[in-house]
Amino acid sequence: MNRIYYAHSGNKSDKSDWQLLSDHLKKVGSIAAENARYFDASILAKNAGLLHDLGKYTEAFQKRLEGGIRVDHATAGAQIVVKKWGNFGKVLAYIIAGHHTGLANGIDSGKDRSTLDDRLKKTIPELDRAWGEEIALPDQLSFPSFKPTGFQTAFLIRMLFSCLVDADFIDTEKFYQELEGNQKKRGNHPPLKKLQQTLNSHLEDLRNNVVSNSSGTVNELRQEVLDYSRQQALLSPGLFSLTVPTGGGKTLTSMAFALDHAIKHQLRRVIYVIPFTSIIEQNAKVFRDAFKELGDGIVLEHHSAFDDEKFKNSEETKDKLKLAMENWDAPVVVTTAVQFFESLFADRKSKCRKLHNITGSVIILDEAQMLPLKLLRPTMAAIDELARNYKCSVVLCTATQPALLHPEFPNGFKNVREIAPDPPELYIKLDRVTVRYIGDQTDEQLNERIKNNKQILVIVNNRRHARALYDLIGASKSHYHLTTLMCAKHRKKVLDTIREKLKAGEQCKVISTSLIEAGVDVSFPRLMRAETGLDSVAQAAGRCNREDEASKEDSEVLIFTTPEWKAPSEIDQYAASMRHVLRNHEGNLLAPEAIKAYFEDVYWRKGDELDAKKLLKTHRDHHAKLTFPFQTIASEYRIIESYMYPIIIAYDDEAEALIEKLRYSEFVGSTARKLQPYLVQVPEQAFIGLKSAGAIETVQPEKFGDQFILLINMDLYSDKAGLNWDDPYFIATERLII
């Protein structure tokens, strides 16, 4: 009688409730195959699932299930696929070998993982021949219908890795939920047709409740843009652009197009990608309001500042249930550019698990001009690959389309179809501000201008300058400060007050960093912007005369330089390109031809820096022998290179209740997500200073390491300006003296 092999242990000593290994492998293979259906790789994914736990066909692993020592059960399947299918099998070997630890480098060692080459040479226990009787494999495998290049092959491996790790998680989760009598249904979302109908009703309500002080012309133009863009949803899937000046209604127009297009072409979800964590909550709220009658769970907001892989506190297989990973199984996903693009180049399963659910989607890249320049070429390659081979439609949505979207721009996107009606004409119709360059302004001069305006917004290039200028204008009920040193809940409260003041015509003077530029719905009669890139100037201008309340001549955007506050080097480079364009377009600085000239100059100045890490070359160099350095690539593709430490702020009663739960919970994934609006992210220098001053503490470090850091000295958090971490030693000492 053949021995019975198990994948997961149950509760009963007679093993009658244990999961059979062959059942697990076949179920994972089936789920993985379904995951891969949108990119024609179901056979590859199925066989990865069938072989991923092959190393469990050993006496050693079966003893592990009974409480024995840990056993490497992933290497066996990797060795088998290479033995059976040669170099081609290495595509599956990467994902099988890494389905617990992550994708490894092919040959050059990463910092904490053996290379695939080392794993393929590793001596492991011999498998019981039972596996060959229980698992049937094809004689040959083949790539999907497209012929992969180096970049495309590595991209395919990550997608297959996603299919496998998600399938493994789902089947394991299902087994343990049934074992515990606590099965939860995944998905079960309403069809996109229902979302479309609900959005239509919401848009009709908005149309019937136009804000009384909005210009009829502006609303007519927004409706024109919406109607025209929705007609373009019939176009075949691929790359699109939505070029609409700020205030033209891009957010809901892009969602309406996306739903119409998805329904027409049998796509399955909409993924909305925004540039900044600071505005994700308000964008998600726009969509939640639109779909609120459908209940919770329609809009998934994912921008985790916490490291999902650290939410586990045990190596036991059952704890897979407790990992707080998202696989983006929702009709509408709102996420950040950092989360979205870093996942496409990731090596860890917590980042990669969702990738297969990107396929067959409509992806809206909000503020597309803000794609990271140092990574622009590999980022463009990823966007193009999603549209070309993974049944995605990508909408590059912005008021200032970069030159790389124009057909004549070298190495730019090809076949990008515009879905807005006549963008140059829209610019003319929605041109509501006068932009002037006024040169050097000291803080005292800025203060005088602020005093002389009833309502004004001043945007500067760094948080220290914003704080100094705010302190200079003095405390007042009409003075406000916005910075990412405030948690999102705090910023929302301040913005709500600012909107009320503006609407009532009361005094309102705001000092802000650039966080207010992207998608924040405010409208000032006068705005000042510290010298920066022209795209940022255009975004800032969208906060001036937004609803066409005043004449263009009375609505000024003044660009100034700050000799007392030198701009960061990268911003200074963008400002140089802006000055270059200013010489030829002084009277019409925000016109489409000026924006195009600006981006051409930016790209010319950057040159090879558009792939500063040479990631495309790395992919090409490792293609022939399939030796991709996945771990290295993931570490190199970092939109934000310096690590930022999330500090939890006990801003209100809700935050305090969540923090209390965090202190005593064993598994905290949902609590961590609910705490995201209460985070302030600080660089390492600030973290060290706060820690040295005893201003912060780590919650449950024995379980979660340094994952959850709480500000305990709330004297350092101001209701006016957020967290002040410049010199916590001094602040602490000063308070002791007082």
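The values are calculated or read from the model by the stated rules, or taken from the named source; none is laboratory data. Everything numeric here is computed off the predicted structure, so don't read it as measured data. Don't worry about glycine lacking a Cβ; one is built from the backbone with ideal geometry, like all the others, and counts go over all protein chains shown. What goes into the accessible areas is simple: the full protein's heavy atoms, side chains included, and nothing from ligands, DNA or RNA. Shrake-Rupley method; radii C 1.70, N 1.55, O 1.52, S 1.80 Å.
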For this session: Straight distance only, please: which aspartates and glutamates reach the Cα of LYS596 with their own Cα at less than 14 Å, same-chain residues fewer than 8 apart left out?
Result: GLU408, ASP535
For this session: Set Lys and Arg Cβ to +1 and Asp and Glu Cβ to -1, take the dipole of the chain about its Cα centre, and tell me which of LEU160, ALA504, LEU396 lies farthest positive.
Result: LEU160
Problem set entry | Amide H contacts under 5 Å for VAL334, placed H, 5+ residues apart | TYR272, LEU300, GLU301, HIS302
For this session: Report ³J(HN,Hα) in whole Hz for each residue of the range 623-631, in order, from the Karplus equation J = 6.51 cos²θ - 1.76 cosθ + 1.60 where θ = phi - 60°; Gly and Pro get x.
Result: 6, 4, 9, 6, 10, 4, x, 4, 5
Exercise. Could you give the dipole magnitude of the chain about its Cα centre, charging the beta-carbon of Lys and Arg +1 and that of Asp and Glu -1, in debye to the nearest 20?
Worked result: 1360
For this session: Rank SER254, CYS487, ILE456 by how far each Cα sits towards the positive end of the charge dipole of the chain (+1 on Lys, Arg Cβ; -1 on Asp, Glu Cβ) and give me just the farthest.
Result: SER254
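Could you rank the peptides 380-387, 229-236, 610-617, 396-403 by their average count of other C-beta atoms within 10 Å per residue, with the highest value first?
Details: 380-387: 20.2, 229-236: 16.0, 610-617: 17.5, 396-403: 25.1.
Packing order, densest peptide first, comes out as 396-403, 380-387, 610-617, 229-236.
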Problem set entry | Euclidean distance of C-alpha centroids, the range 645-689 and the range 56-119, integer Å | 36
Exercise. Which one of LEU710, ILE640, THR561 is farthest out on the positive end of the charge dipole of the chain, using unit charges on Cβ (Lys, Arg +1; Asp, Glu -1) and the Cα centre as origin?
Worked result: ILE640
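Out of the DSSP beta bridges found with both residues in the chain, what percent are antiparallel (nearest 5)?
Numbers: 13 of 65 bridges.
Approximately 20 percent, going by the DSSP bridge assignments.
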Exercise. What accessible surface, in Å², does a 1.4 Å probe find on LYS121, ignoring ligands, DNA and RNA and rounding to the nearest 10?
Worked result: 150
Exercise. Given that just one value was derived from the coordinates, which of [x] 33.0; [y] 35.7; [z] 37.9 is mean projected area of the Cα convex hull in nm²?
Worked result: [x]
Exercise. Taking a threshold of 27 Å on the Cα-Cα distance, which of the pairs LYS509/LYS552; LYS250/LYS351; LYS63/LYS121; LYS122/LYS617; LYS429/LYS720; LYS354/LYS691 fall above it?
Worked result: LYS250/LYS351; LYS122/LYS617; LYS429/LYS720; LYS354/LYS691
Seminar exercise, completed: With x for Gly and Pro, the residue-by-residue ³J(HN,Hα) of the range 6-17, computed from phi through the Karplus equation 6.51 cos²θ - 1.76 cosθ + 1.60 at θ = phi - 60° and given in whole Hz, is 10, 9, 9, 7, x, 9, 8, 5, 7, 6, 5, 10
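If you place +1 on the Cβ of every Lys and Arg, -1 on the Cβ of every Asp and Glu, and leave all else neutral, what size is the dipole of the range 59-100 about its Cα centre, to the nearest 20 Debye?
On the way: 6 positive and 3 negative charges, 28 e Å.
Value, rounded to 20: 140 debye.
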Exercise. Can you list the HN-Hα couplings for the range 429-442, worked out from phi with the Karplus curve (6.51, -1.76, 1.60; θ = phi - 60°), rounded to whole Hz and with x for Gly and Pro?
Worked result: 5, 9, 7, 10, 9, 9, 9, 10, 9, 10, x, 5, 9, 6
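Just by accessible area at a 1.4 angstrom probe, what is the order of LEU457, LEU502 from largest to smallest? List each step's numbers first, then the result.
Working: LEU457 0, LEU502 25 Å².
The residues order as LEU502, LEU457, largest area first.
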Exercise. Span-like helices, the chain: DSSP H, alpha-carbon axial extent 20 Å or more, mean Kyte-Doolittle -0.5 or greater, which ones?
Worked result: 21-35, 150-179, 250-264
